[in-house]
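Engineer: So that we are looking at the same thing, I have put the structure below in structure tokens.
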Amino acid sequence: MIRRGAWSRRALLALLALAAVAMGGAPERLEAQGAAAPVDRSSAGRLAASCGSGGSAALAASCAEAALGAVALTEGVSLLVGAGGALPVSPSTAGHRMEGTPRVVVDAGVNLARIRHLDLSATPGTLRETHSTLVAGRLTATAGIFDGFRPVATVGGVGAVDGVVSLRLARLPDGPGDQARTAVAWGGGVRLGVVRESFTLPGITVTGLHHRLGTIRHGQLPSGGSQLILSPHVTSVRLEVGKDLLAFGLTGGAALERVGGRTRIRAPGEAGEVGEAARADLGRTRPTFFAGANYTWLVTQVAGEVTWAPGRSFSDDLLPLDVFPLDRGQLQVTLTFRLIY
């Protein structure tokens with residue numbers, strides 16, 4: 001018969017032996033797990049890796065270039081489409097002309113953006129950069145849906161709501177091959193009044209907008225170079241604060257934009273080799289900052305606004321980011337004319 005104390009000692013020795021065996025095998029298992037761990041890459045790096053998978057070194061270089069080109073062009077075109085919001089340099093909601101009659105504001109103008117992107121007409125893999133000034137015509141209609149509350153005599157427009165519809169026609173960068181020269185963007189959203197501008201208070205408005213663009217083709221396949229096929233969309237939330245000084249008004253603020261959409265790249269390699277890949281997560285969330293001024297005469301208003309978007313910074317050893325960095329900001333100017341009924 002085995003005594004309780006002897007059984008306890010044997011069980012303890014058995015557990016210690018099992019622990020020693022397990023610890024002895026742990027380094028080998030950890031090494032195997034480390035070897036199988038996935039590489040942590042950016043979305044652009046994963047797009048390039050998928051495009052050049054199993055191909056030559058020349059194909060890998062062309063795919064990396066195409067991925068960087070897609071990021072740069074998406075950043076620039078989305079800034080052109082999203083900047084200015086619904087009504088640039090207009091910090092108050094439209095409201096009502098009289099009880100039960102919505103006020104309508106029709107805004108027409110142009111957006112200009114200076115962007116830096118890759119020159120796809122150059123020899124594939126050379127990463128030659130170029131700059132383009134993009135232009136977009138804009139037409140927006142805004143109508144006051146709810147006039148808001150007036151808690152005290154000098155404070156109005158609290159909780160006011162405007163509806164917004166927007167159409168923009170963007171001129172794309174010149175490039176090689178049979179590519180799209182223009183892109184149509186359409187969208188809509190709402191403007192929410194925090195407080196309407198008055199003699200004593202500045203106007204404060206929050207605007208939410210969503211824009212979608214048609215398919216953009218940029219590049220020259222099948223004649224030898226890379227080709228980018230983009231379907232971007234931009235969702236923005238914009239805070240505006242401004243004050244009128246007689247006929248002049250000043251406005252400033254910030255916005256948070258989510259740039260997304262589907263991206264497809266096609267890149268050439270050696271001896272007719274072609275790589276192709278697509279992703280839907282090449283975009284990012286970015287801040288923008290803006291300031292502008294307007295001048296009002298009767299029922300017309302002219303305005304100008306400058307928007308700054310910081311650059312995009314990420315690291316990925318598959319991408320030649322030391323040759324073509326993406327951390328430089330971009331500048332956009334909006335000029336607009338509107339009628340206020």
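Engineer: For P151, indicate whether it is more than 22 Å from the chain's Cα centre (by Cα), loosely packed, with under 15 Cβ neighbours inside 10 Å and over 20 Å from G82 (Cα atoms).
Structural biologist: So P151 fits the description; yes.
Engineer: If you don't mind, there's one more thing I want to ask. Out of (1) farther than 23 Å from R328 by Cα; (2) under 18 Å from the mean Cα position of the chain (by Cα); (3) without any contact (Cβ under 8 Å) to a residue 40 or more places away in the chain, the odd one out for L209 is which?
Structural biologist: (3)
Engineer: Based on this model, can you work out whether G219 counts as in contact (Cβ under 8 Å) with a residue 12 or more places away in the chain and at positive phi?
Structural biologist: Yes: the conditions hold for G219.
Engineer: Here is a check on your reading of the model: is V165 in contact (Cβ under 8 Å) with a residue 24 or more places away in the chain, surrounded by fewer than 22 Cβ atoms within 10 Å (Cβ to Cβ) and closer than 26 Å to L230 by Cβ?
Structural biologist: Taking the combined requirement at face value, the residue satisfies it.
Engineer: Moving to a separate point now. Given the options P222, P173, P151, name the one that is closer than 24 Å to F290 by Cβ and at pLDDT below 95.
Structural biologist: P173
Engineer: In the set A160, A94, A70, A136, which member is crowded, with 24+ Cβ neighbours inside 10 Å, in contact (Cβ under 8 Å) with a residue 12 or more places away in the chain and within 25 Å of R46 (Cβ to Cβ)?
Structural biologist: That would be A70, the only listed residue that is crowded, with 24+ Cβ neighbours inside 10 Å, in contact (Cβ under 8 Å) with a residue 12 or more places away in the chain and within 25 Å of R46 (Cβ to Cβ).
Engineer: Could I ask something else about it? Could you figure out which of (1) in contact (Cβ under 8 Å) with a residue 60 or more places away in the chain; (2) part of a strand (DSSP E or B); (3) charged (D, E, K, R) isn't true of R328?
Structural biologist: All conditions are met except number (2).
Engineer: Which fully enclosed strands (runs of 3 or more DSSP E) of the stretch 213-284 have 2 or more residues being more than 21 Å from the chain's Cα centre (by Cα) and buried (at least 17 other Cβ atoms within 10 Å of the Cβ)?
Structural biologist: Strands (runs of 3 or more DSSP E) meeting the threshold: 227-245, 248-268.
The values are calculated or read from the model by the stated rules, or taken from the named source; none is laboratory data. What you see is a predicted model, and the numbers here were worked out from it, not measured in a lab. Here Cβ is always computed from backbone atoms with ideal geometry, including for glycine, and neighbour counts include all displayed protein chains.
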